[in-house]
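Worksheet for the structure shown next.
Only the coordinates and a few stated rules stand behind these numbers; no lab work does. Worth saying up front: this structure is predicted, and the values here are computed from it rather than measured.
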């Protein structure tokens with residue numbers, strides 16, 4: 001089962017002022033945010049604009065939770081002065097809470113998995129640790145790494161069991177030749 005991160009739905013819309021339609025517009029998911037960032041942005045692209053595009057891409061690929069794309073998009077919209085006033089108030093109130101929840105969310109494995117690392121061995125004991133390891137270590141290319149990344153994100157998003165995420169991490173580590181102890 002592959003996690004469907006096609007749209008990356010936001011928990012609350014980000015309301016922006018759409019110059020093309022001269023009215024407020026609710027952006028409700030990552031795909032809409034990416035489309036607006038790429039094709040309907042009102043001014044020159046900036047560092048926040050680039051960060052928002054990268055965050056949207058990470059969510060659409062299944063590597064990050066939608067709350068991070070939402071936050072980056074809202075920051076870029078605020079900088080471009082297209083964030084609607086009432087949305088700005090909501091963003092200020094909710095942004096810190098959303099980020100804290102997304103960054104601290106983790107799920108422990110029933111049993112840790114030990115993998116080899118260029119420096120030695122490393123024990124992976126949670127879904128977040130598995131996801132971070134998969135993202136930051138050079139693995140032989142293959143679908144198993146992507147599948148394990150999607151499974152880890154699915155578990156963090158609550159759509160896949162932790163045991164399934166662990167099993168896919170073990171399979172990917174085995175295929176990559178880095179599994180030491182399961």
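Hey, could you pull the Cα Rg and Dmax for the stretch 114-182, both in Å?
In Å, with Rg to one decimal and Dmax whole: 10.9, 34.
Given 0.36 nm per residue, what is the gain on full extension from residue 39 to residue 11 after removing their alpha carbon distance, in nm? Write down the numbers at each step before the final one.
Details: separation 28, 0.36 × 28 = 10.08 nm, distance 2.35 nm.
The span from residue 39 to residue 11 would gain 7.7 nm if fully extended.
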